[in-house]
Amino acid sequence: MKDTIYSINGPVVTVRDTDTFEMMEMVYVGAAGLVGEVISVNEHRTTIQVYENTTGLRIGEPVKGTGAPLSATLGPGIMQNIFDGIERPLKEIAQQSGAFIGAGMHVSSLDEERLWDVTVCIKEGQTVSGGEVIATCPETSIITHKSMIPPDVQGVVRWVAPSGKYNVVTPICVVETETGEKKEICLAQKWPIRIPRPVKSRQPIGKPLITGQRVIDTLFPIAKGGAAAVPGGFGTGKTMTQHQLAKWSDADIIIYVGCGERGNEMTQVLTEFSELEDPKSGKPMTERTVLIANTSNMPVAAREASIYTGITLAEYYRDMGYDVAMMADSTSRWAEALREISGRLEEMPAEEGFPAYLPSRLAAFYERAGCVESLCGENASVSIIGAVSPQGSDFSEPVTQNTKRFVRCFLALDKSLAYARHYPAINWTISYSEYYEDLDPYYVEHLGEDFCEMRGKMLGLLSEENKLMEIVKLIGSDVLPDSQKLTLEVARVIRVGFLQQNAFHKNDTYVPLEKQKWMMEAILHLHDQAKQLVDAGIPISEMSAAGLFDKLIKVKYEIPNDKPEMFGDYNRELDEICENLLAKHRRVEDSQNEEEGK
């Protein structure tokens with residue numbers, strides 16, 4: 001019998017002496033119909049990676065081709081859903097097979113029975129091309145779904161359905177192409193997950209992805225349409241940081257991909273997101289969120305597909321005109337899946353056993369981020385924030401090093417900060433952002449020219465503190481002059497009062513840009529005032545005893561986000577403390593001078 005299984009090696013299956021299959025074609029493997037993808041073809045054998053558990057699979061079982069690549073189904077019903085790595089809805093699977101996915105489960109990605117309230121936007125006789133909106137429907141109370149002509153279709157509309165209630169597989173219109181072929185267009189369409197969706201043009205980056213996290217927004221900003229990496233060892237808070245970004249970033253839509261993560265972490269995401277209120281609309285956060293759950297006990301090959309499924313969904317909503325943020329947690333697990341499959345294929349290993357094509361796969365993924373003008377003329381973006389899990393917090397390992405080549409924002413998490421309960425545990429000495437030049441015009445326009453200058457001063461103080469701490473570790477802080485002790489004190493205020501945030505405090509879990517600017521102004525105002533006191537000969541110990549530094553650390557809790565005018569009162573109180581210290585110092589000096597005169 002032709003097209004049968006010749007060998008099985010974990011998730012890698014081979015078929016011998018066949019010319020039936022195409023490269024990257026989706027196939028059904030075995031009597032159970034396991035989903036697989038052709039990854040290698042030669043004259044002697046065809047190699048397939050299977051995205052399901054191959055336990056129980058036997059030699060000689062049939063392999064059937066579909067004639068199409070592995071594709072995502074795109075249409076209304078994606079939002080508020082949770083999928084596995086190959087876009088099978090886990091809620092539907094749970095109803096049919098219980099807590100674990102049964103072998104060969106074939107479930108439609110979208111509910112084909114649900115009726116959507118569709119408003120048709122085109123007319124008969126109209127010439128249409130790829131990306132043009134043909135109908136809209138309210139997918140959730142927040143998101144309006146725009147159904148579009150597939151990118152590879154163009155022609156004249158020969159028939160249009162009236163506005164009304166339709167499911168995702170009912171034709172909405174018929175388009176006659178230039179070759180005379182008539183194509184029925186439904187609300188749902190398919191797109192190969194490994195091929196980027198086309199756009200009209202790529203646009204320059206110019207707006208920040210505002211996250212409400214001060215260390216990110218102020219010091220190491222991420223751009224809308226940009227790519228960022230969040231590397232960190234076990235327990236440093238990668239998932240927590242991504243949760244915060246998913247909850248509070250000003251993207252319209254969140255695609256959260258749990259790639260090889262622990263099941264309890266995905267459960268936490270589900271629980272938290274269902275309880276969280278969207279800060280922009282007041283509706284549940286899940287109404288603009290899609291979750292792709294590929295937990296660590298799922299087949300390893302499906303990890304590789306989950307990243308591409310997530311970015312394809314992100315590009316689909318980008319094409320509608322939405323700003324989309326995709327969280328990939330974590331790309332290291334994805335790279336480990338590549339390594340395992342590569343090992344089973346007996347490919348020549350590169351550094352630490354990873355395949356030689358790891359850098360090109362990472363590049364192909366991160367390059368799908370960007371600001372674009374979509375085919376329907378909308379300006380939109382996809383931002384990618386990928387977590388990296390280097391073993392032993394070793395940032396020199398291949399996944400972290402290759403990721404740094406393709407991202408422009410590097411938010412390095414530090415184990416010592418995390419263990420000291422400093423969250424987000426982003427190490428300000430080795431983190432960086434290359435988006436300053438692109439985003440500074442936005443900051444100048446919305447926050448004033450001094451914002452960028454203040455950011456530079458704060459980074460300078462933190463850098464100076466880092467140098468001074470090397471001396472302090474050797475010989476202690478007592479030998480330092482007061483000017484350098486002041487640098488250490490103000491840097492502590494920046495670290496504890498500005499960079500450290502409390503995710504459980506209503507005024508501190510999310511901080512708008514305006515308040516971040518006021519906080520920077522207050523800290524630098526404190527530095528300037530304290531410097532004058534040092535120049536006047538007042539010791540740092542007296543300033544600390546007067547509460548000059550500790551007072552400003554508490555400001556993040558005491559001033560609500562919607563009352564920035566209270567910073568004026570704080571600055572006046574600081575000025576008053578400084579004046580009192582200066583007056584006291586002068587009185588002491590005067591009395592000493594009198595005694596010396598006598």
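The values are calculated or read from the model by the stated rules, or taken from the named source; none is laboratory data. All values reported here derive from a predicted model rather than from experimental measurement. Positions of Cβ are backbone-derived with ideal geometry, glycine not excepted, and every protein chain shown enters the neighbour counts. Remember, those area values only see protein heavy atoms, side chains included, never the ligands or the DNA or RNA. Shrake-Rupley method; radii C 1.70, N 1.55, O 1.52, S 1.80 Å.
In table form, for the structure just shown:
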read-out: Leading residue by the ranking (least open to solvent (accessible area, probe 1.4 Å)) among those in the stretch 21-38 that are over 15 Å from M105 (Cα atoms) and outside any strand (DSSP E or B); value: F21
read-out: Members of the stretch 140-152 that are under 18 Å from K190 (Cα atoms), assigned to a loop (DSSP other than H, G, I, E, B) and open to solvent by 10 Å² or more (accessible area, probe 1.4 Å); value: P150, P151, D152
read-out: Lone qualifier among Y419, Y432 - being in contact with a strand residue (DSSP E or B) (Cβ under 7 Å, 6 or more places away or on another chain), among the hydroxyl-bearing types (S, T, Y), farther than 30 Å from M148 by Cα and open to solvent by 50 Å² or more (accessible area, probe 1.4 Å); value: Y432
read-out: Answer residue from the stretch 237-268, given it is farther than 18 Å from V324 by Cβ and touching a Ser or Thr at 6+ places or on another chain (Cβ under 7 Å) and is modelled with the highest pLDDT among those; value: K238
read-out: Members of the stretch 39-53 found to be surrounded by 23 or more Cβ atoms within 10 Å (Cβ to Cβ) and assigned to a loop (DSSP other than H, G, I, E, B), listed by number; value: Y51, E52
read-out: First in the stretch 279-291 and hydroxyl-bearing (S, T, Y), second anywhere and outside any strand (DSSP E or B) and modelled with pLDDT under 85, Cβ under 7 Å, 6 or more apart; value: T286/F273; T286/S274; T289/F273
read-out: Check on T218, within 10 Å of the chain's Cα centre (by Cα), among the β-branched types (V, I, T) and not in a loop (DSSP other than H, G, I, E, B); value: no
read-out: Subset of the stretch 455-491 (residues that are charged (D, E, K, R) and in a helix (DSSP H, G or I)); value: R455, K457, E464, E465, K467, E470, K473, D482, K485, E489
read-out: Selection from the stretch 70-115 of residues that are of a type in the set (A, V, I, L, M) and not in a loop (DSSP other than H, G, I, E, B); value: A72, L74, I82, L90, I93, A94
read-out: Verdict on L462 being in contact with a Leu (Cβ under 9 Å, 6 or more places away or on another chain) and either on the phi > 0 side of the Ramachandran plot or touching a residue at least 60 places away in the same chain (Cβ under 8 Å) (or both); value: no
read-out: Hits in the stretch 441-454 (condition: open to solvent by 60 Å² or more (accessible area, probe 1.4 Å), of a type in the set (D, E) and part of a helix (DSSP H, G or I)); value: E445, E453
read-out: Matching entry among I59, I78 (being in contact (Cβ under 8 Å) with a residue 60 or more places away in the chain and touching a strand residue (DSSP E or B) at 6+ places or on another chain (Cβ under 6 Å)); value: I78
read-out: Given (1) open to solvent by 40 Å² or more (accessible area, probe 1.4 Å); (2) more than 30 Å from L245 (Cβ to Cβ), number of the condition E565 does not satisfy; value: (2)
read-out: The listed residue being more than 37 Å from the chain's Cα centre (by Cα) and closer than 30 Å to T236 by Cβ, out of L474, L480; value: L474
read-out: Of all residues in the stretch 320-337 being assigned to a helix (DSSP H, G or I) and open to solvent by 10 Å² or more (accessible area, probe 1.4 Å), the one that is nearest to Y366 (Cα to Cα); value: R333
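To keep it simple, each residue is scored yes or no on (1) within 20 Å of N561 (Cβ to Cβ); (2) acidic (D, E); (3) touching an Asp or Glu at 6+ places or on another chain (Cβ under 9 Å); (4) open to solvent by less than 30 Å² (accessible area, probe 1.4 Å).
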position: E176; (1), (2), (3), (4): no, yes, no, no
position: G180; (1), (2), (3), (4): no, no, no, no
position: P192; (1), (2), (3), (4): no, no, no, yes
position: P196; (1), (2), (3), (4): no, no, yes, no
position: P208; (1), (2), (3), (4): yes, no, yes, yes
position: Q213; (1), (2), (3), (4): yes, no, no, yes
position: K238; (1), (2), (3), (4): no, no, yes, yes
position: T241; (1), (2), (3), (4): no, no, no, yes
position: I253; (1), (2), (3), (4): no, no, yes, yes
